[in-house]
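Down below is the structure, laid out as structure tokens.
What follows draws every value from the coordinates through simple rules; no lab data is involved. Bear in mind the structure is a predicted one, so any value in this text is a computation, not a measurement. For neighbour counting, all protein chains shown are included, and Cβ atoms are generated from backbone atoms with ideal geometry for every residue, glycine included.
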Amino acid sequence: QVALKTAEATDGASVDPKQGCKKHELYVSFRDLGWQDWIIAPEGYAAYYCEGECVFPLNSYMNATNHAIVQTLVHFINPETVPKPCCAPTQLHGISVLYFDDSSNVILKKYRNMVVRACGCH
Amino acid sequence: QVALKTAEATDGASVDPKQGCKKHELYVSFRDLGWQDWIIAPEGYAAYYCEGECVFPLNSYMNATNHAIVQTLVHFINPETVPKPCCAPTQLHGISVLYFDDSSNVILKKYRNMVVRACGCH
Amino acid sequence: SLGFRIEEGMCQHFYLLRPIPSDSLPIVELKEDPDPILDPKEQDLNETELKAILGSKFDQNFMSISPPEDKYAGQDDLNESEVMKQRPTGTMPKEIKAMEFEIQHGKKHKPSKKLRRRLQLWLWTYAFCPVVHTWQDLGNRFWPRYVKVGSCYNKRSCSVPEGMVCKPAKSSHFTVLRWRCLQRKGGLKCAWIPVQYPIISECKCSCPN
Amino acid sequence: SLGFRIEEGMCQHFYLLRPIPSDSLPIVELKEDPDPILDPKEQDLNETELKAILGSKFDQNFMSISPPEDKYAGQDDLNESEVMKQRPTGTMPKEIKAMEFEIQHGKKHKPSKKLRRRLQLWLWTYAFCPVVHTWQDLGNRFWPRYVKVGSCYNKRSCSVPEGMVCKPAKSSHFTVLRWRCLQRKGGLKCAWIPVQYPIISECKCSCPN
């Protein structure tokens, strides 16, 4: 059994870190996280993750903030000063989870910011 | 003249990457970015930047999202699958800039998301 | 089976590191594992038995075992004039109660007490956000399968000037049963367990996000 | 002086990579370099000359060379009843104009045409967001140094029910002069250049963010 399944979102190739910042597929099984004792449903979910370089010049699709643009230039001029901006989620959304709370009640609640919707350079 | 001045926010020590994710000092001079021809004022500004490890366990001050918590565990179980969450700004604010626009008019406008207010693990 | 063996001490940390739930409503759809082995069978659906487990928590007005007849003809189709007919409940918002409706053009015009009361009632009715009840199918792993959940009427803005919408403000919950299966040494063991299903109990005229 | 020598081709890229301005108002304070060498001197402040450069763009009602007397006694101190006295300008929002104020208890009550108009006017006045004008000191590197800028009155909510606030909706700009200094071969060269200073020209009752 594979602990965590991951695959490329579009072309099925493995992740090349030299690629630009973008969203990648990631299915998370709650059993694999050791959470099967407190999460009743779902079994797992498509969480996705962000990876890729925030390189100079930033392409517009990377949803870079003004600060990331400035930081990219500062890094380009003097790489020792600051790191490159990093590739992180710009939009997240939630899922519903049926789980045991601290008092052993079974509750259905929304867990916000669980799924990556879009990535960008921050 | 030092191109870009950087210093530790609190203790003046140099940045240790093993430290937790936090805000660091960074003064950006527009002259050093080659922007003195289109930016009239200010000369530069305190931009700050985020750096530091998003390590397991995440401390609460790192403002981690639920997705970052899940990604941390997935990385801990199988580091090959996904990278660690990254340290990035969680709050930004703007500055006013007096500059030449594309039609050579001099304009005062707000540039949003220029200054890091807080960092977190994403 | 994990690629990395989790030690006892690490597990402690694992338990500390959990995502944080939110009380925000409405609930998004719960994604179920499609495997039919996890569904309750005919013999697991004994109405008398299950009603006995739920006891007083079985509320006939808000729960149904079979598909409700008015499922698609619920209050969801209410048009604006029907909603406006609903008298607001609770207490009048204090800012509406404080309104004098003084109109100034030259000299002051103060409306009569009766007119003032009528206008306050009109504004309150306009800004009131009723809870709209509709039947929802929770799927066959919940019992009773059909519950009447609340939602907020949002086909028009509830404010003057327009811009605010009816949003969930308070929630309560029903207790229903959930068919839960666990992989044990002797195979799959399933049972009905009581769960709290959250519902919107009050809506309020608020700014979106 | 840069630690890294920027080549010609790279510079092209540099110019493409710029932060993006926003039209959002109000403007936050412009942080000036405190070095007094960048300030205009006595001889650079010849009123006749500078007025000639600005020409028709010098608006006496909104610009002042010396500190305005009513600087601290401006409209900023307006209390609510004074703001409410301001008759709204422009056209009445269509949703207010469409209001019938029908009150239903048993039978329909439709107010008279005159009363309806009065109520619409009252609601419009209540929800109206006037532009409040106050003098602002731009510092000695701008000429004229004092301009009357607009802001939105936000000491009370402008909506029923409360929740919305007056926010900038439209902007225009004044043309003023800016003392700009450049490091040239012969030393520091400074001159007055015309700049566009943005001001709030219209406020609107809106949800915050």
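Within 10 Å of each Cβ of C:112-123, how many other protein chain Cβ atoms are there on average?
On the way: counts 0, 0, 0, 3, 0, 0, 5, 7, 0, 3, 9, 5.
Taking the mean over all residues of the peptide, I get 3.
What does the highest-first list of D:42-54, D:160-172 look like by mean Cβ count within 10 Å?
Values: D:42-54: 11.6, D:160-172: 19.2.
Ranked by mean Cβ neighbours within 10 Å, highest first: D:160-172, D:42-54.
Give the average, rounded to an integer, of partner chain Cβ atoms located within 10 angstrom of each Cβ in B:93-100.
Details: counts 2, 7, 6, 8, 5, 9, 4, 2.
Taking the mean over all residues of the peptide, I get 5.
Roughly how crowded by other chains is peptide A:40-52, in terms of the mean Cβ count from those chains within 10 Å of each of its Cβ atoms? Please report the intermediate quantities before stating the final value.
Details: counts 8, 9, 4, 5, 2, 2, 1, 6, 3, 10, 7, 3, 0.
Average per residue, whole number: 5.
Taking the Cα centre of segment C:140-192 as origin and charging only Cβ (+1 Lys, Arg; -1 Asp, Glu), how large is the dipole, in debye to the nearest 20?
On the way: 12 positive and 1 negative charges, 91 e Å.
So the magnitude is around 440 debye.
Taking amide H atoms as placed 1.01 Å from N in the peptide plane, list the residues 5 or more away in sequence, or in a different chain, whose amide H sits under 5 Å from that of D:Cys205.
Residues meeting the criterion, in which the H sits 1.01 Å from N, are D:Cys129, D:Lys167.
Work out from phi, with θ = phi - 60° and the Karplus expression 6.51 cos²θ - 1.76 cosθ + 1.60, the ³J(HN,Hα) of each residue of segment D:143-154, listed in order in whole Hz, and give x for Gly and Pro.
Here the 3J(HN,Hα) series is 9, x, 6, 10, 10, 8, 9, x, 9, 9, 5, 9 Hz.
Kindly flag which residue pairs out of C:Lys94/D:Lys113; D:Lys94/D:Lys114; B:Lys109/D:Lys41; B:Lys110/D:Lys31; C:Lys204/D:Lys97; A:Lys84/B:Lys23 have an alpha-carbon separation exceeding 21 Å in this structure.
Working: C:Lys94/D:Lys113 28 Å; D:Lys94/D:Lys114 18 Å; B:Lys109/D:Lys41 27 Å; B:Lys110/D:Lys31 12 Å; C:Lys204/D:Lys97 24 Å; A:Lys84/B:Lys23 15 Å.
The pairs that break the limit, which is 21 Å between Cα atoms, are C:Lys94/D:Lys113; B:Lys109/D:Lys41; C:Lys204/D:Lys97.
Tell me, what ³J(HN,Hα) does each residue in segment B:34-48 have, in order and in whole Hz, if you take phi through Karplus 6.51 cos²θ - 1.76 cosθ + 1.60 with θ = phi - 60° and put x for Gly and Pro?
x, 9, 5, 7, 10, 9, 8, 8, x, 6, x, 7, 7, 8, 6
Which residues' amide hydrogens lie under 5 Å from the amide hydrogen of C:Cys158, considering only partners 5 or more residues apart or on another chain, with H built in the peptide plane?
For C:Cys158, the qualifying residues are C:Gly163, C:Met164, C:Val165, C:Cys166.
Report the label-to-label distance for C:Ser201 and D:Leu188 in nanometres (one decimal), using points 7 Å from each Cα along the Cα→Cβ vector.
If labels sit at C:Ser201 and D:Leu188, their model points lie 6.9 nm apart.
Give a residue-ordered list of calculated ³J(HN,Hα) values for segment D:167-177 (Karplus: 6.51 cos²θ - 1.76 cosθ + 1.60, θ = phi - 60°; whole Hz; x for Gly, Pro).
Going residue by residue, I get 10, x, 10, 9, 10, 9, 8, 9, 9, 10, 9 Hz, with x marking Gly and Pro.
Could you check the spin-label model distance between D:Lys113 and C:Ser24? Points 7 Å from the Cα along Cα→Cβ, value in nm.
5.0
If I model a spin label as a point 7 Å beyond the Cα along the Cα-Cβ vector, how far apart are those points for D:Ile65 and B:Asp37 in nm?
In this crude spin-label approximation the distance works out to 3.7 nm.
Take the Cα of B:Gln19, step 7 Å along the line toward its Cβ, and report every residue of segment A:73-98 whose backbone nitrogen sits under 19 Å from that point.
A:75, A:79-86
One decimal, nm, shortest first: give the distances between the label point of B:Pro79 and those of the same position in the other copies, each label point 7 Å from Cα along Cα→Cβ.
Nearest first, the other copies' label points are 2.2 nm away.
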